[in-house]
Amino acid sequence: MNYRSRIQEQYALGLMLVKWTCLGAWVGLLSGCASAGFLWALDRATETRVANPWLLFLLPVAGAAIGLVYANHGKSAAGGNNLLLERIHDPNGVIPFRMAPLILVTTVLTHLFGGSAGREGTAVQMGGTLADLAVKPLRLSKEDRSILLMTGISAGFGSVFGTPAAGAIFGLEVLAIGRIRYNALVPCLVASIVGDVVCRGLGIHHHVYDAATTFTLTPCTTALVVIAGVLFAAASAAFSELTHWIQTLCRDVKGASYVRPIVGGALIIVLTLIVGSQDYNGLGIPLMERSFHAANIPLYAFLLKILFTAVTLGAGFKGGEVTPLFCIGSTLGCAFAQLTHQDPALFAALGFVAVFAGAANTPLACTMMGVELFGSHLVVPLFITCVISYILSGHRGIYLSQQVHHPKTYDAEIEEGQTLRTIQKQGFRIRRPTFDREEEDQRGATP
């Protein structure tokens, strides 16, 4: 055994561990502070809207302001999460610092006036922007810059939801379907943990949901969990398709950039008046909390949340998709439990993470999030529903810059490195069944 080479290897590994622990902690500190400030502002905006329901009627005005700001000052920053993924795949491009303050202010405006949006997009974009800003003075390599951007994504995600393990995995998993970047494991884990600790230390408290306290895996419950997973996949696919369709429709409409959010804001007002409540505006957290107890939750609640959120984001308002996806999943799980006479807390918890798993193509991160939020005793049904939702949601998702490293089916005509945006434009094609190709090869080899 060459002991000298072994010592050199351990020395190099030690240096790598120290380097990425320090960088990850620095990014986590910045992201945790940013997430804490953002969540505080978001809570104040939500409280103000709930106390003053008439603010909803100013949503078109807020939409016009957001459209004008991004048209005049946004430039590439309008790419949002997709821009971060593109820069990770190709570290040569620039991430403008304006992305962080723009997304912070416009997301708070969206929630203040009643738009249906989330918070993950804002936290991830702020984390990525701050991570990129942190590495500039160090003049790190392109590969290191790519890793630091992943670190910022993990820190933002882990700190805004209070799920550091899921945040670490999310930063590794969200880049490409069928591939996890283990070379960024250390900084993503450190940044997510530090970001969460800092955010909590600054006085931010995350919601606690009353999930099922017990679960026994039987043939009957397993069958119901599988069926629920199929429904969750359908919901995630419907949300992604509807949101992208509205975005495309809005881009094709001629007119000034501020016209689209004005129309979208007016439509949200009409929908709210038809529904008769503001349950489907904002994050939807009260709706989620009630879904765990089946407390006055209509069976079609998930459809309304899909519609409200798709119109809000498709029209150009800012915010994330994840928390609305939590709401869609939990209300769908609650509806399924009511129809099958099962425990609503169990299926609301499963839908909470599984719909997100299908829409973001991150089954491992979502399973871990479920474990952190609802307990390890639910890990098996959580894993089942997340995997089924991930597979059956197809090659679509909320992040169109996601690349496909390994397709979800070997019969898909997808080249390695293709993005979901390309697949959306070109369409999805299936090769001939595998056994036909084998038969043709055998016939061709027969003399």
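Tabulated data for the structure shown
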| quantity | calculated |
| --- | --- |
| Verdict on TYR258 being buried (at least 17 other Cβ atoms within 10 Å of the Cβ), within 16 Å of VAL311 (Cβ to Cβ) and of a type in the set (Phe, Trp, Tyr) | no |
| Evaluation of CYS327 against (1) of a type outside the set (S, T, N, Q); (2) farther than 14 Å from GLY229 by Cα; (3) in contact with a Ser or Thr (Cβ under 7 Å, 6 or more places away or on another chain) (one fails), failing number | (3) |
| Condition check for VAL387: surrounded by fewer than 24 Cβ atoms within 10 Å (Cβ to Cβ), without any contact (Cβ under 8 Å) to a residue 24 or more places away in the chain and in contact with a helix residue (DSSP H, G or I) (Cβ under 8 Å, 6 or more places away or on another chain) | no |
| Residue count, segment 343-383 (criterion: within 20 Å of LYS408 (Cβ to Cβ) and not in a helix (DSSP H, G or I)) | 2 |
| Any chance LEU175 is closer than 20 Å to SER31 by Cα, of a type in the set (A, V, I, L, M, F, W, C) and within 15 Å of the chain's Cα centre (by Cα) | yes |
| So GLY93, is it small (Gly, Ala, Ser) and surrounded by fewer than 21 Cβ atoms within 10 Å (Cβ to Cβ) | yes |
| Filtered residue count, segment 234-260, keeping only those that are in contact (Cβ under 8 Å) with a residue 12 or more places away in the chain, in a helix (DSSP H, G or I) and of a type outside the set (Val, Ile, Thr) | 15 |
| Test: residue in segment 384-391 that is part of a loop (DSSP other than H, G, I, E, B) and at pLDDT 85 or above | no |
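Table: residues versus (1) within 21 Å of ALA45 (Cβ to Cβ); (2) at pLDDT 80 or above; (3) outside the structural domain of GLN278 (by TED's automatic domain parsing); (4) among the β-branched types (Val, Ile, Thr).
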residue: VAL69; (1), (2), (3), (4): yes, yes, yes, yes
residue: ASN82; (1), (2), (3), (4): no, yes, yes, no
residue: LEU85; (1), (2), (3), (4): no, yes, yes, no
residue: HIS89; (1), (2), (3), (4): no, yes, yes, no
residue: VAL94; (1), (2), (3), (4): no, no, yes, yes
residue: ALA100; (1), (2), (3), (4): yes, yes, yes, no
residue: LEU109; (1), (2), (3), (4): yes, yes, yes, no
residue: GLN125; (1), (2), (3), (4): yes, yes, yes, no
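The values are calculated or read from the model by the stated rules, or taken from the named source; none is laboratory data. Because the structure is a prediction, the values reported are computed rather than measured. All Cβ positions, even for glycine, are placed from backbone atoms using ideal geometry, and neighbour counts span all protein chains on display.
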